[in-house]
Amino acid sequence: MSISVWDYLPEYENEREEILEAVDTVFRSGQLVLGKSVRGFEREFADYHGLPHCVGVDNGTNAVKLALEAVGVGPGDEVITVSNTAAPTVLAIDSAGATPVFVDVRRDDYLMNVDQVAAAITPRTKALLPVHLYGQCVDMTPLHTLAAEHGLAVVEDCAQAHGATQRGQLAGTFGDTAAFSFYPTKVLGAYGDGGAVVTPNQKTAEELRKLRYYGMRDVYYVVRTPGHNSRLDEVHAEILRRKLRRLDDYVAGRRTVAARYAEALGDTELELPKVNDGNEHVYYVYVVRHPDRDRIISELANHGIKLNISYPWPVHTMTGFAHLGYERGSLPVTEELADQIFSLPMYPSLDLDRQHRVIDAVRQVLGVDRAGMAVAREGA
Ligand SMILES: *Cc1c(COP(=O)(O)O)cnc(C)c1O
């Protein structure tokens, strides 16, 4: 039996009755769009973050887009972010009509190099968009200082960071707005697409509600300013309400798997995730680094272990973003990482047996046995 980097089926088997009950609740509610379930989830997700407002939307990409638009980002504006991210981060900036401006990431934690942000600010800069990549928060204190100095909005991309904290403060509570994805693989995942934006600000929340609903407010048919159809679905909202109660358990499960990997692979040549002081990581993905990445991945595939790379192509090198004008070599750390990182299987219901199979196979492929002794490499 092969092991993949992510699998929702064991979790579905555990939670099946609850999920089906959620679906039935919605189907019998008499209101299939923007009803009780979306309202309930919004209240509960806001409460989880200790914030007054949450607006459910259709997916994480549009969550980022609306989070930007709601703070006034539009055509002609620049938004500073990273290229080492999921392409949707950058697509969202692009579809808000703004221009993404990239800074490099740091060599040790692969997150936004906040030291480079000041130099990237221009008179057109409107917002800073830190991505709490892989499940760990970007250093928020220096970003807040810069934002205050230059009058910029801070919009967090929290698509990978549900439940992550920095000095005890939850991801999503640092910014003017913060965007979440509930794509099934995420730390809090729906059974399909979903997203949300949280904000401490009442006016911003009203703007978000308008933006996701064609640009209409209370009176149906009257567009105030052109918006979108970006509503969170009732079914996913009701499922997410059930799953939100387990979010802390999901995170704990991920941390247990991560701790086992760290313990069992710490003496190998693999570079393991670095968790910064004050941060609590939620391990959306468990990203490791090795210069011989491609060989390792293909040999692990022979052991039935299918890995993934987050992400193999930096966004600024993609043909779809050639118009941004970034040359190869312009973000050296990001580019180097993309050739060396890969992700080990990570999800809360990954059982012990599978964890050990992953560990044993990785050690074998790296040429070290369980006791740390060198063993013959396969094919060597
Ligand atoms: C998944 C993800 C998104 C996009 O979310 P979707 O729900 O897939 O649209 C945006 N940013 C990051 C960092 C992501 O990981």
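The values are calculated or read from the model by the stated rules, or taken from the named source; none is laboratory data. All figures in this text were calculated on a predicted structure; none of them were measured in a lab. Counting neighbours? That spans all protein chains shown, and the Cβs are built from the backbone with ideal geometry, glycine included. The protein model used for the area step is the full one, side chains on, heavy atoms only, and it has no ligands, DNA or RNA in it. Shrake-Rupley method; radii C 1.70, N 1.55, O 1.52, S 1.80 Å.
In table form, for the structure just shown:
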item	result
Residue within region 93-107 that is within 13 Å of the ligand (Cβ to nearest atom), within 13 Å of residue 158 (Cα to Cα), at pLDDT 95 or above and buried (at least 21 other Cβ atoms within 10 Å of the Cβ) present	no
Residue match in region 66-79 (condition: touching a helix residue (DSSP H, G or I) at 6+ places or on another chain (Cβ under 7 Å), open to solvent by 10 Å² or more (accessible area, probe 1.4 Å), within 26 Å of residue 228 (Cα to Cα) and within 16 Å of the ligand (Cβ to nearest atom))	yes
Residue identified as surrounded by 14 or more Cβ atoms within 10 Å (Cβ to Cβ), among the charged types (D, E, K, R) and within 16 Å of the ligand (Cβ to nearest atom) among 289, 293, 254	254
Lone unmet requirement of (1) in a strand (DSSP E or B); (2) open to solvent by 10 Å² or more (accessible area, probe 1.4 Å); (3) of a type in the set (A, V, I, L, M, F, W, C) for residue 155	(2)
Where residue 32 falls short, out of the listed (1) closer than 15 Å to residue 231 by Cα; (2) within 16 Å of the ligand (Cβ to nearest atom)	(2)
Selection status of residue 137, within 16 Å of the ligand (Cβ to nearest atom), touching a residue at least 60 places away in the same chain (Cβ under 8 Å) and under 19 Å from residue 81 (Cβ atoms)	yes
Output for region 298-327, where each listed residue is assigned to a helix (DSSP H, G or I), more than 28 Å from residue 158 (Cα to Cα) and in contact with a Lys or Arg (Cβ under 9 Å, 6 or more places away or on another chain)	299, 300
Any hit, region 205-226, residues being surrounded by fewer than 21 Cβ atoms within 10 Å (Cβ to Cβ) and within 16 Å of the ligand (Cβ to nearest atom)	no
Some residue of region 157-166 being over 26 Å from residue 344 (Cβ atoms), in the same structural domain as residue 226 (by TED's automatic domain parsing) and within 19 Å of the chain's Cα centre (by Cα)	no
So residue 83, is it within 16 Å of the ligand (Cβ to nearest atom), touching a residue at least 12 places away in the same chain (Cβ under 8 Å) and open to solvent by 10 Å² or more (accessible area, probe 1.4 Å)	no
Pair list, Cβ < 8 Å and 6+ apart or interchain, from region 11-32 residues that are at negative phi and open to solvent by less than 70 Å² (accessible area, probe 1.4 Å) to residues that are among the hydroxyl-bearing types (Ser, Thr, Tyr) and outside any helix (DSSP H, G or I)	11/347; 11/349; 19/191
Residue within region 125-132 that is open to solvent by less than 40 Å² (accessible area, probe 1.4 Å), within 16 Å of the ligand (Cβ to nearest atom) and more than 18 Å from the chain's Cα centre (by Cα) present	yes
Criterion (open to solvent by less than 20 Å² (accessible area, probe 1.4 Å) and in a strand (DSSP E or B)) met by exactly one of 198, 187	198
